[in-house]
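The values are calculated or read from the model by the stated rules, or taken from the named source; none is laboratory data. Since this is a predicted model, take the numbers as computed values, not measurements. Every residue, glycine among them, receives a Cβ derived from its backbone with ideal geometry; neighbour counts consider all protein chains shown.
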């Protein structure tokens, strides 16, 4: 059964990367893109407010997402994700995976994005935005959540309007 858990940005987020690297033959780099504890207008890797959510099945880490302000004071939150199997393949082979996203991956990301949308709305965001990065995942997520396709400056984005709880 899929379980979604909130992860404290910073050290707990770094624990996700340690878990990602644990079965690999290469060590985790000293510097990973983890959040510093976010503060309104203060320093931090991601613009506050920010949040991190992880998905597990039978205790195994499948993926995690983070959301953060597109820019300070923005009503738009950016959604980014790491799918563990794809990221391990990327780390091991040195290149991005080219196989299409699976229904199970989209299911996992949809559950994470749904929870991220709730949390982002509660934090005051009005929109959640992501962009294509891996084959079929962004598009599958957009179809599943009925997000709008936006074109801006030659780039495609997917955007989900949020309602405050």
Checked against (1) at positive phi; (2) free of Cβ contacts under 8 Å to residues at least 12 places away in the same chain, residue 124 satisfies every condition except (2)
Which of (1) more than 26 Å from residue 29 (Cα to Cα); (2) in contact (Cβ under 8 Å) with a residue 12 or more places away in the chain does residue 153 not meet, given it meets every other one? (2)
The residue from 145, 109 that alone is in contact (Cβ under 8 Å) with a residue 40 or more places away in the chain and within 16 Å of the chain's Cα centre (by Cα) is 109
Restricting to the stretch 140-158, and then to whatever is modelled with pLDDT of 95 or more and out of contact with any helix residue (DSSP H, G or I) (no Cβ under 9 Å at 6 or more places or on another chain), can you tell me which residue is surrounded by the fewest Cβ atoms within 10 Å (Cβ to Cβ)? 146
